[in-house]
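J.: Submitted below is the structure of interest, expressed as structure tokens.
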Amino acid sequence: MSFEITILGSSAAVPVKGRHMTSQHVRIGNHQFLIDCGEATQHQLIEMGISLHKIEHIFISHLHGDHFFGLPGLLSTMNIQRRTAPLYIHGPRGLDEVLLASFKHSNTELNYKICLYDNPTMFSDVIFENDHITVETIPLIHRVPCTGFLFREKKKQYRIIPEKLPSGLPFDAFRALKRGENIEFQGETIQYQDVTLPPRQSRSYAFCSDTKFSRSVISKVYGVDLLYHESTFMHRHLERANTTFHTTALQAGQIAREAKVGKLLIGHFSARYGDLKVLLDESRTEFDNTELAKEGKKFTIIETD
């Protein structure tokens with residue numbers, strides 16, 4: 001099953017040439033999700049060949065414009081293109097008022113149903129799950145209520161070794177073995193350990209949006225395969241970072257190192273930095289396996305034994 005993150009926007013507060021407002025596309029198997037929806041998100045989706053209508057859930061971290069001003073436009077385009085499938089939007093309290101005012105004063109009637117859910121911002125909670133994954137909120141410290149999102153695969157099933165199975169095994173017995181259960185077949189007990197391989201490792205991705213440096217994040221993202229953490233400023237601008245409730249590249253690296261994550265992505269770059277390598281180099285002083293979350297980059301979390 002695929003597990004891919006595509007970066008649509010990496011800029012903080014305002015766009016700059018080549019850098020757009022925050023947004024990411026997540027594909028896990030046949031399910032597609034959007035995290036944040038800054039200006040030009042729909043342009044970026046189209047540019048990268050991602051279908052707007054295959055997105056099932058949109059997760060909005062907080063109500064600063066660079067993270068959601070693209071949402072009314074995206075919803076309008078879906079409407080014009082005759083979307084019929086329901087769309088599920090998870091965001092902070094107040095997002096409904098913004099969207100309702102936009103639709104009311106533009107006299108827009110949607111062809112499809114929107115299901116809007118308020119994210120808990122003071123504690124972690126599972127806000128979505130299906131047979132394969134859960135999505136959990138990560139409380140963050142910002143000037144307005146803000147959350148990150150943790151995408152985590154559920155425990156996987158045991159892997160059948162076909163050549164070790166007797167012929168004629170019914171499908172229900174096959175499924176039981178995959179769940180790690182012993183079965184009775186033709187008067188004999190088949191031990192699941194004898195005919196299966198252990199489940200593959202469950203994968204995880206954590207998205208930490210705008211936040212002041214906080215060690216409370218470490219326990220929430222501990223051991224994830226891939227962590228995105230905002231890195232708006234260099235550490236020499238720490239005072240500015242603290243004033244605006246943002247994180248430096250050095251601090252993001254510290255969080256990744258202490259949380260023992262597999263890989264760190266940094267983004268949400270201030271427009272003052274034309275050369276992003278300085279931010280990358282600074283983060284790598286704390287955590288070497290760091291990459292820039294730049295527009296068009298795709299990161300795949302490989303399935304391992």
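The values are calculated or read from the model by the stated rules, or taken from the named source; none is laboratory data. Note that the coordinates shown come from a computational prediction; the quantities given were computed from them, not determined experimentally. Methodologically, a virtual Cβ is constructed for each residue, glycine included, from the backbone with ideal geometry; neighbour enumeration extends over all protein chains shown. For accessibility, only protein heavy atoms count, side chains too; no ligands or nucleic acids. Shrake-Rupley method; radii C 1.70, N 1.55, O 1.52, S 1.80 Å.
J.: Given the condition open to solvent by 60 Å² or more (accessible area, probe 1.4 Å) and aliphatic (A, V, I, L, M), answer yes or no: does some residue in the stretch 55-72 qualify?
T.: Checked against the condition, which is being open to solvent by 60 Å² or more (accessible area, probe 1.4 Å) and aliphatic (A, V, I, L, M), the stretch 55-72 yields no hits at all.
J.: Now a separate question. Do the conditions hold for Gly73, that is, is it without any contact (Cβ under 8 Å) to a residue 40 or more places away in the chain, over 16 Å from the mean Cα position of the chain (by Cα) and at positive phi?
T.: Criteria not met by Gly73.
J.: Looking at the stretch 108-135 only, could you name the residues that are part of a strand (DSSP E or B) and surrounded by 11 or more Cβ atoms within 10 Å (Cβ to Cβ)?
T.: Within the stretch 108-135, Ile114, Leu116, Tyr117, Asp118, Val126, Ile127, Phe128, Glu129, Ile133, Thr134, Val135 meet the criteria.
J.: Name the residues in the stretch 1-28 that are of a type in the set (Gly, Ala, Ser) and in contact with a strand residue (DSSP E or B) (Cβ under 8 Å, 6 or more places away or on another chain), would you?
T.: Selection gives Ser2, Gly9, Ser10, Ser11, Ala12, Ser23.
J.: Return the total of residues in the stretch 136-154 being of a type in the set (Asp, Glu) and open to solvent by 30 Å² or more (accessible area, probe 1.4 Å).
T.: The qualifying residues number 1.
J.: Something else: Only one of (1) acidic (Asp, Glu); (2) closer than 24 Å to Gly65 by Cβ; (3) open to solvent by 10 Å² or more (accessible area, probe 1.4 Å) fails for Glu230. Which number is that?
T.: Only one criterion in (1) acidic (Asp, Glu); (2) closer than 24 Å to Gly65 by Cβ; (3) open to solvent by 10 Å² or more (accessible area, probe 1.4 Å) is unmet by Glu230, namely (3).
J.: Looking only at residues in the stretch 242-278 that are within 20 Å of Gly38 (Cβ to Cβ), in contact (Cβ under 8 Å) with a residue 24 or more places away in the chain and aliphatic (A, V, I, L, M), which one is surrounded by the fewest Cβ atoms within 10 Å (Cβ to Cβ)?
T.: Ala271
J.: Which condition number in (1) without any contact (Cβ under 8 Å) to a residue 24 or more places away in the chain; (2) touching a Lys or Arg at 6+ places or on another chain (Cβ under 9 Å) is the one that Asn182 fails?
T.: Result: Asn182 fails condition (2) only.
J.: Residues that are outside any loop (DSSP other than H, G, I, E, B) and charged (D, E, K, R): does the stretch 98-107 have at least one?
T.: Yes, that holds for at least one residue.
J.: Go through Ser202, Ser216 for me and flag whichever is in contact with a strand residue (DSSP E or B) (Cβ under 6 Å, 6 or more places away or on another chain) and either open to solvent by 20 Å² or more (accessible area, probe 1.4 Å) or polar (S, T, N, Q) (or both).
T.: From the options Ser202, Ser216, the qualifying one is Ser202.
For every residue, the table says whether it meets (1) in contact (Cβ under 8 Å) with a residue 24 or more places away in the chain; (2) touching a Cys at 6+ places or on another chain (Cβ under 9 Å); (3) part of a loop (DSSP other than H, G, I, E, B).
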| site | (1), (2), (3) |
| --- | --- |
| Ala13 | yes, no, yes |
| Gln32 | yes, no, no |
| Cys37 | yes, no, yes |
| Leu45 | yes, no, no |
| His53 | yes, no, no |
| Leu63 | yes, yes, yes |
| His67 | yes, yes, no |
| Met78 | yes, no, no |
| Arg83 | yes, no, yes |
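J.: In addition: Can you run down the residue pairs with Cβ atoms below 9 Å, 6 or more apart or on separate chains, where the first is in the stretch 102-122 and on the phi > 0 side of the Ramachandran plot and the partner is open to solvent by 40 Å² or more (accessible area, probe 1.4 Å) and modelled with pLDDT of 95 or more?
T.: none
J.: hydroxyl-bearing (Ser, Thr, Tyr) and open to solvent by 30 Å² or more (accessible area, probe 1.4 Å): is that true of Thr196 in this structure?
T.: no
J.: Among the numbered conditions (1) of a type in the set (Lys, Arg); (2) more than 23 Å from Tyr222 (Cβ to Cβ); (3) surrounded by fewer than 14 Cβ atoms within 10 Å (Cβ to Cβ), tell me where Lys178 comes up short.
T.: (3)
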